1. Nearest 0.05, what FRET efficiency do residue 220 and residue 354 give at R0 = 35 Å with Cβ-Cβ as r?
2. Which value, to two decimals, describes the C-alpha radius of gyration of the stretch 90-192 once divided by 2.2 N^0.38 Å?
3. With a 1.4 Å probe and every protein chain left in place, tell me how much accessible area residue 192 has, in Å² to the nearest 10.
4. Go through 321, 33, 332 and say which Cα lies farthest out towards the positive end of the charge dipole of the chain; charges sit on Cβ, +1 for Lys and Arg, -1 for Asp and Glu.
5. I'd like to check one number: the per residue accessible area of the chain, probe 1.4 Å, reported in Å² as a whole number.
6. Looking at 218, 266, 228, which one has the Cα that reaches farthest to the positive end of the dipole of the stretch 196-266 (charges on Cβ: Lys, Arg +1; Asp, Glu -1)?
7. Rule-of-thumb check for the stretch 1-142: C-alpha Rg over 2.2 N^0.38 Å?
8. For the stretch 170-289, what is Rg from Cα atoms divided by 2.2 N^0.38 Å, rounded to two decimals?
Amino acid sequence: MENLFNQCRRLLRTTSLDYVRPIIKQVHWNQRLISIRGARGVGKTTLLLQYIKQTYGDNPTEAIYVSLDNLYFSRHTFIDFVEDFYKMGGKCIFADEVHKYHRWSQELKNAYDAFPDMRFVITGSSVLNILNSDADLSRRCINYNMQGLSFREYLALCEGLKFDKIDLPSLLEEPDKLCMAVNEKCRPLAHFDRYIKTGYYPFVLEGEEDYYERISNVANLILEIELPQLCGVDVSNIRKLKSLLAVLASEYPMQIDMMKLSTMAGMSRTTLLAYLQYLQRAKLINLLYSGDASLKKMQRPDKIYMENSNLLHALSLNGVNEGTQREVFFVNQLVYQHRVEYASSQADFLVDGKYTFEVGGKSKDGKQIANMSNSYIAADGIEFPYGNKIPLWCFGFLY
């Protein structure tokens, strides 16, 4: 136990509060059981440490951060650790990487029930299924999902440029206001190009030299360890999934022929559909469906995108198509808080069942959506809006 306290204190002393992500204010920290899920590398551990440091200081006695992949838990149970910490006056446990501890859900439930004045904050893989875990945590746990950096957050973290976020209706109604505010402080397009390639994961602060290697390692750990352990993916299919991801990262998104894709992947259509869902939960891809509510449409996605543009650059075999890059960015930034659907042959995306978008370069004319209400062009390569044409980078200020 003493070693765990010392490790926690060492981590807190080296945790910077210079920039704290806004999600820290969205979490209801006073709840008894909170889970924060997200893809590897998006900053879950840093968020916990920053909250502890802000709330309890560098040398806390009532709160402790532990990672459940610590060797301590190979010799001690989590429930025994909770009891020992409680006897020492502990009130809140921040448990990282809970999916690394195989009895996590049952022991967490037991601890929750046995110590009613204790609070627990857990983090885990984005594929961690809190609601369908071995123990019934559905009525006990408040769940939050953590995304990688938005373009707005990247500017604050990496460039020291701070701006308020904007909601989608306000952006569509008054894009000039945001564009004027940003252009007064910087040239957004130069920063946007860097963000698209190396700005989504906070570990960019550790250097860009091996940035893509780190992303590839994250993807490999998800495929080789998390999906087999947490989703029951057959390990014999991991190589096929890696090949599939490389193909998806290298080709322009298109309407999906599931039979052709299953043949290429070397697995049955049913297995492929299940695995695509797992890849989406793991934050490696985004699946888009059309608004058509027919059973046929509900059985398969209409388009597959890589989850973010940095992942696209890291995994692509043949270089990145500029059009693909734009669409991946748009979907990634919108899907976090909005419903994004594949629109039709007339447009690219339908958002919240209300707004129609075409995504393209600065010369995009929008003839296909000219007669549609609430239709807009998200245009790359421009600094200011014109008519219904809004700079693509603006959609990186939504969270």
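The values are calculated or read from the model by the stated rules, or taken from the named source; none is laboratory data. None of the values given here were measured: they were computed from a predicted structure. Cβ: placed from backbone, ideal geometry, glycine included. Neighbour counts: every protein chain shown. Please note that ligands, DNA and RNA were not included when accessible areas were found on the heavy atoms of the full protein model with its side chains. Shrake-Rupley method; radii C 1.70, N 1.55, O 1.52, S 1.80 Å.
1. With a Förster radius of 35 Å, E is 0.35.
2. Values: Rg = 20.5 Å, N = 103, 2.2 N^0.38 = 12.8 Å.
Relative to the 2.2 N^0.38 Å estimate, the stretch 90-192 comes out at 1.60.
3. About 10 Å², rounded to the nearest 10.
4. Comparing the listed Cα positions along the dipole, 33 ranks first.
5. Values: 18030 Å² over 399 residues.
Here the residues of the chain average 45 Å² of exposed surface.
6. Most positive-ward Cα: 266.
7. On the way: Rg = 14.1 Å, N = 142, 2.2 N^0.38 = 14.5 Å.
It is 0.97.
8. 1.38
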